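Novice: Pasting a structure below so you can have a look.
The values are calculated or read from the model by the stated rules, or taken from the named source; none is laboratory data. Just so it is clear, the model here is predicted, and its values are computed rather than measured. Every residue, glycine as well, gets a Cβ built from its backbone with ideal geometry; the counts of neighbours run over all protein chains shown.
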Amino acid sequence: MMPTLGEAMVRVGRHFGKRPATRDRQGETTWRDFSERITVAAGLLRGLGINSGERVAIYARNSIRFDELKWGAFHAGVVAVPVNWRLAPVEIAHILEDSACEVVFVEADFLPIFDMTELAPWRDKLICLDGESSAGIPHYDQLFKTAAGVGLSDVSPDDDALILYTGGTTGRSKGVRLSHTNILSCAAGFTLATRGEPDDTYLHLAPMFHSADLLATGWILMGAAHVYVPAFSPAAFLDAVLEHQVTMTIAVPTMLMMTLTDPVLESANTRSLRLMGFGASPMDPAWIRRTAQGFPHTQLFNCYGLTETSPALTVFDPAEFQRAIEHDSPTLASVGKPNCLVDLKVSNSEGDDLAPGETGVLHARGPNITKGYLNMAEETAAALSNGWLRTGDIARIDDDGYVYLIDREKDLIISGGENVYSSEVETALYQHPDIHECAVIGTVDERLGQIVTAVIVAKPETSLNSKAIIDHCRELIGGYKIPRRIEFVEMMPKNALGKILKNRLRATYSK
C-alpha cells in the first residue's frame, strides 16, 4: 500500500540521515535533523489544538521553514493550504473562508495585509512565521521551542494532504484536494521520467504556493539537497545556481524569457545546472532553442500537467528533447509522453474516443488525479467522470505517443463558422522578430460572431505596426486566422507563474 507523506519522510530521515537536506547561507541541515524538526512542527500543530483532517494556511514566500511546516502538517495529518501571496485581500479571504483554516501562518512582511477590512476576521488566528512579529501575534520560533516531537498521525494515504487553490483565471478560485497518494504517485512517475539523482541539488524556483513546487517531492524522497529562492528574479536564480552548485530546477517560460533577456546571464556561471524543466504554459520552439543556447551545459525538458493532476501528466524525456532541439524536430512542439501510471485519451464533443492524430479534448486518469474540488460538488462532477479528468485542453496524441497541446477549450475562437486555435496564431506571431509577447483572443463581432484579436507587446526600440503584423501573418497562416484587430500594450496581465491571463484581456477588449 502507498505510504502517507509523513511515513515517507520518516523513511527519508532514517535512510538518508547524514545526507544534506537543505542548504542556505547559514550552512546545511541533514535529513536526520530536518526530519526531527518536522516531528516538532507536527507537535506544535497539535499543541495548538489542530486535529487530523483540519486545515492550516501558509502565507509566505519560498523558504526552508515553509517546507518544514508543510511536512510537519503531513506528519500530523493536518491539511496544508498554501496561499498565493500575490492575491488581493478579497481573494485571500475567499480561500481562508472556503477552506475553514484553523490557523494562518504568515511571513512577517505580509502581516500588514491582515489590517485590511476583508482580512480582519483572521487576525486573531495569525502566527508569525519569521522575522519580527507584531504585538499580540504569536511567533513560530517561540511555539517551536516549547513544542515536542510527536509520532505519526493515523491517517489514510487517500486522505487530503494539501489543498491548492487554482488561480481563479476563470472566476472564483477552486480548492483542489490532493491526497498523499496523489502527490507520491506523481512524484514517482515524474522523477523516473526526468532521471532524477540522489546527488542532485534541487532549486525551489517556482512559488511554493503553486503545484509546480510539488515536482520537488521525488528529490525529497531520494534524499537530495534543496535550496530555496524566496522570490524569482534572474539575478536571484543565477546567484543561487552558482552559490549552491544547483543541478536541477523547474522554471516556467516567463522566468526563462526574463533570464534570457537580462544582461546578468552573460556573466553567469551555470555549469553545475545539469537539468532544467519548464512547463505551466506553452513555449514557442524559437524560445526553446534560445534557452538551449543560453544554458549550454544544461539538459532541458518540457512537461505538462494541472493542479488537479498533482501536477505532472507528461514529460519530454531530457535526452530525446536534446535531440529534438539539435535536429529541429517537429516533436519540439509537443509536451512529451505520458508519465508511468498516467493514462491519456482524446475525445470528441460526444465523448467518443478519437484515433491517434485526431484533435479533441484531452482526458487523464491515474492515481495522481484529484478526488475533486472542496465544497464544489457540481464542478467536481463536471470535471470527473468514471475516473477520467476532463483537462479542458484541446490536444492530439500522435502514433508515437507524443502529446501536442492545441489550445484551451475556452480559448477556441469561432469566427464566421471556422475554428481558429489561438496557439496556432500565436506561433505565427512569435516568428516576427519585433514581437516580445503576444496573446490571441476572440472578441465579439456582429457579423462573424467573433474576430481574431491579437494583443502585442513589441520589443523595445522597434516601430512595429498593425500592417507589418498582418503582412507577416499572411505568409504563415490562412486568411481567416489572421488577426482582424491588433492591440499594442506595454505589459500583459499575468498570474503568479507568469501565465498570461486571457480572461482579463477578453474582459478589456470585449467592451
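Novice: Quickly run through the stretch 26-42 and pick out the residues that are of a type outside the set (Val, Ile, Thr), in contact (Cβ under 8 Å) with a residue 24 or more places away in the chain and not in a strand (DSSP E or B).
Specialist: Answer for the stretch 26-42, where residues must be of a type outside the set (Val, Ile, Thr), in contact (Cβ under 8 Å) with a residue 24 or more places away in the chain and not in a strand (DSSP E or B): TRP31, PHE34, SER35, GLU36, ARG37, ALA41, ALA42.
Novice: Test each condition in (1) more than 18 Å from ALA41 (Cα to Cα); (2) at pLDDT 95 or above; (3) more than 17 Å from the chain's Cα centre (by Cα); (4) not charged (D, E, K, R) for LEU152 and report the one that comes out false.
Specialist: (1)
Novice: May I pose another question? Do we find that ALA381 is among the small types (Gly, Ala, Ser) and either closer than 19 Å to ASP98 by Cα or assigned to a strand (DSSP E or B) (or both) in this structure?
Specialist: Taking the combined requirement at face value, the residue satisfies it.
Novice: Restricting to the stretch 344-374, count the residues that are in a loop (DSSP other than H, G, I, E, B) and surrounded by 18 or more Cβ atoms within 10 Å (Cβ to Cβ).
Specialist: 6
Novice: If you don't mind, another one. So is VAL229 among the hydrophobic types (A, V, I, L, M, F, W, C), farther than 23 Å from ALA193 by Cα, crowded, with 21+ Cβ neighbours inside 10 Å and touching a residue at least 40 places away in the same chain (Cβ under 8 Å) or not?
Specialist: Yes: the conditions hold for VAL229.
Novice: Please state which of the following conditions ASP98 fails to meet, knowing it meets all the rest: (1) under 24 Å from GLU68 (Cα atoms); (2) assigned to a helix (DSSP H, G or I).
Specialist: Checking ASP98 against (1) under 24 Å from GLU68 (Cα atoms); (2) assigned to a helix (DSSP H, G or I), the one that fails is (1).
Novice: Okay, next question. Specify the residue that is nearest to ASN51 (Cα to Cα); the eligible residues are those in the stretch 101-135 that are acidic (Asp, Glu) and in a loop (DSSP other than H, G, I, E, B).
Specialist: Here the answer is GLU102.
Novice: For residues that are at pLDDT 90 or above and surrounded by 14 or more Cβ atoms within 10 Å (Cβ to Cβ), scanning just the stretch 399-414, find the one that is farthest from the chain's Cα centre (by Cα).
Specialist: ILE413
Novice: While we're on this one: Can we say ARG86 is outside any helix (DSSP H, G or I), touching a residue at least 60 places away in the same chain (Cβ under 8 Å) and either charged (D, E, K, R) or not assigned by TED's automatic domain parsing to the domain that holds LEU184 (or both)?
Specialist: yes
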